[in-house]
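**Student:** Starting off with a structure, shown below.
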Amino acid sequence: MEQFDDWMSDNKLPVGAWIASGIELLKTHGAGFFDALSNGVRFVIDGMTTALVWLPKPLLILLVAVLAYALRRSWQLTLFVTLALLFILNQGYWQETMETLSLVLSSALVSTVLGVPLGIAAAHRPWLFRAIRPALDLMQTLPTFVYLIPTLVLFGLGAVPGLISTVIFSLPAPVRLTHLGITSVPRPLIEAGESFGATRRQLLWKVELPSARPMILAGITQCIMLSLSMVVIAALVGAGGLGVPVVRALNTVRVDTGFEAGLVIVLLAIILDRVCRPAERERA
């Protein structure tokens, strides 16, 4: 048995070396592409952060409260959102919150733009869903630090590797839930549309998407939550935001700073979840 173990160890497949060689090959021959992509992503994130910080804080709080009431028609939620934002401002984490919000919204937007069409295509082509399912499983189960390393090598320190790692982590949610929503459309609805002579495009836009809308919105909401859960990990590669004080508190064993930043992250998560989640009547 020991000889078998030794033989297996001595004949190890160089999987790590193969992947490292592939990453190095990409870095060597695709430097221009990765630099252009990095500059473009950094410009978008910095521009969004600048716009959020440029707005007067009372005005931004008022706009978010109005948006919350317009979407949910709940004065309780509006009051909570207002008090939560005032608490974040009081604790001195407004700049970090805006940086985190920019990263979360950017990554959620990219994941939605990629995930929803891919989920629709997978719902209409079962072979495609069978082909991408292993990749989706790998993206959800692979430890985040594993694909954080190659993105760090390709894009360097900053918000870009954090955003790309966040997109990899959150992309399966909109893909799976969009696929589930489209495939769950009642067959009689589709047959009724076909009986009226609807084309495939008309069936998609007028039957399938309206019926699957609550599930798609749930996937987008879950994507936003997954993106926010990456805030601390993204801070490890220089992404900034609320993860920075958490990491700093962890390194210096500052209980007060860690608790304050953690509470701000929780409040931001609750605000995004309550405002963005599908309405109860849509889920029903």
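The values are calculated or read from the model by the stated rules, or taken from the named source; none is laboratory data. In this text the structure is predicted, and so the values were computed from the model without any measurement. So basically every Cβ, Gly included, is an ideal-geometry build from the backbone, and we count neighbours across all protein chains shown. Quick note on the areas: whole protein, heavy atoms, side chains included, nothing else; ligands and nucleic acids left out. Shrake-Rupley method; radii C 1.70, N 1.55, O 1.52, S 1.80 Å.
**Student:** Within straight cross-link reach of residue 12, meaning Cα distance under 30 Å, which lysines are found once same-chain residues fewer than 8 apart are removed?
**Tutor:** 27
**Student:** In nm, give the distance between the simple-model label positions of residue 83 and residue 105, each being 7 Å from the Cα along the Cα-to-Cβ direction.
**Tutor:** For the pair residue 83/residue 105, the computed spacing is 2.5 nm.
**Student:** Please sort 206-212, 53-59, 13-19 by packing, taking for each peptide the average over its residues of neighbouring beta carbons within 10 angstrom, highest first.
**Tutor:** Values: 206-212: 17.9, 53-59: 11.4, 13-19: 9.6.
The packing order, highest mean first, is 206-212, 53-59, 13-19.
**Student:** In terms of the Cα gyration tensor, with a ≥ b ≥ c the square roots of its eigenvalues, is region 32-133 rounded because a/c is under 1.5, prolate because a/b exceeds b/c, or oblate? Mind showing how you got there, number by number?
**Tutor:** Numbers: a/c = 3.32, a/b = 1.52, b/c = 2.19.
The shape class here is oblate.
**Student:** Shifting gears a bit: Bins of 5 Å, beginning at zero and ending with the bin holding the largest distance: percent of Cα pairs per bin for region 52-104, please.
**Tutor:** Values per bin, smallest distances first: 4, 21, 27, 26, 16, 5.
**Student:** Here's another thing I want to ask about it. Residue farthest toward the positive end of the dipole of the chain, with Cβ of Lys/Arg at +1 and Asp/Glu at -1: which of 227, 102, 78?
**Tutor:** 78
**Student:** Hey, what's the per residue convex hull volume over the C-alpha atoms of region 126-184, in cubic angstrom?
**Tutor:** Working: hull volume 4.7 nm³, N = 59.
Per-residue hull volume (Cα only) is 80 Å³.
**Student:** Averaged per residue, what accessible area in Å² does region 159-212 show with a 1.4 Å probe, protein chains only?
**Tutor:** Values: 2650 Å² over 54 residues.
Here the per-residue accessible area is 49 Å².
**Student:** Could you check how much of the accessible area of region 1-138 is carbon and sulfur, as a whole percent, using a 1.4 Å probe? Mind dumping the intermediate values first?
**Tutor:** Working: 6310 of 8980 Å².
After summing per-atom areas, the C and S share lands at 70 percent.
**Student:** Continuing with the same structure: With 31 Å as the cut-off, how large is the P(r) tail for the chain, expressed as percent of Cα-Cα pairs? All intermediate terms of the calculation are to be shown ahead of the outcome.
**Tutor:** Working: 16254 of 40186 pairs.
For the chain, the share of Cα pairs beyond 31 Å comes to 40 percent.
**Student:** Which of the helices in the chain meet the span-like rule: DSSP H, Cα axial reach of 15 Å or more, Kyte-Doolittle mean at least 1.6?
**Tutor:** On the way: long enough: 15-29 (21 Å, 0.71); 31-54 (33 Å, 0.88); 57-72 (22 Å, 1.86); 75-91 (24 Å, 1.54); 94-124 (44 Å, 1.00); 126-141 (22 Å, 0.21); 144-155 (16 Å, 2.13); 159-170 (16 Å, 1.79); 172-183 (16 Å, 0.45); 209-229 (29 Å, 1.14); 255-276 (31 Å, 1.72).
Helices meeting the criterion: 57-72, 144-155, 159-170, 255-276.
**Student:** Return the tail of the calculated pair distribution for region 181-257, meaning the percent of Cα-Cα pairs more than 17 Å apart.
**Tutor:** Across region 181-257, Cα pairs with separations above 17 Å total 62 percent.
**Student:** If you put +1 on each Lys and Arg Cβ and -1 on each Asp and Glu Cβ, how big is the dipole of region 41-191 around its Cα centre, in Debye rounded to 20?
**Tutor:** Dipole about the Cα centre, nearest 20: 400 debye.
**Student:** Working out 0.36 nm times the residue gap between residue 11 and residue 23, then minus their Cα-Cα distance, what length gain in nm do you get to one decimal? Show your work: numbers first, answer last.
**Tutor:** Numbers: separation 12, 0.36 × 12 = 4.32 nm, distance 2.33 nm.
In short, 2.0 nm is gained.
**Student:** What dipole magnitude, in Debye to the nearest 20, does the chain give about its Cα centre under +1 on Lys/Arg Cβ and -1 on Asp/Glu Cβ?
**Tutor:** Numbers: 21 positive and 18 negative charges, 240 e Å.
So the dipole magnitude of the chain works out to roughly 1160 debye.
**Student:** Let me ask something else about it. Placing unit charges on C-beta atoms (Lys and Arg positive, Asp and Glu negative, everything else neutral), compute the dipole magnitude of region 195-284 about its Cα centre in debye, rounded to 20. Kindly include the intermediate steps, with their values, before the conclusion.
**Tutor:** On the way: 10 positive and 6 negative charges, 86 e Å.
In total the dipole reaches around 420 debye.
**Student:** At 0.36 nm per residue, and after removing the present C-alpha to C-alpha distance, how many nm does the segment from residue 114 to residue 130 gain when stretched out fully?
**Tutor:** Numbers: separation 16, 0.36 × 16 = 5.76 nm, distance 1.77 nm.
Contour length minus the Cα-Cα distance gives 4.0 nm.
**Student:** Rounded, prolate or oblate, given the Cα gyration tensor of region 102-159, with a/c below 1.5 counting as rounded? Walk me through the numbers before you get to the answer.
**Tutor:** Numbers: a/c = 2.99, a/b = 1.57, b/c = 1.90.
Taking the square roots of the gyration eigenvalues as a ≥ b ≥ c, region 102-159 is oblate.
**Student:** Compute the convex hull volume of the Cα atoms of region 224-271, divide it by the residue count, and report the result per residue in Å³ as a whole number. Present the calculation step by step, with values, prior to reporting the outcome.
**Tutor:** Values: hull volume 2.8 nm³, N = 48.
Spread over its residues, the Cα hull of region 224-271 gives 58 Å³ apiece.
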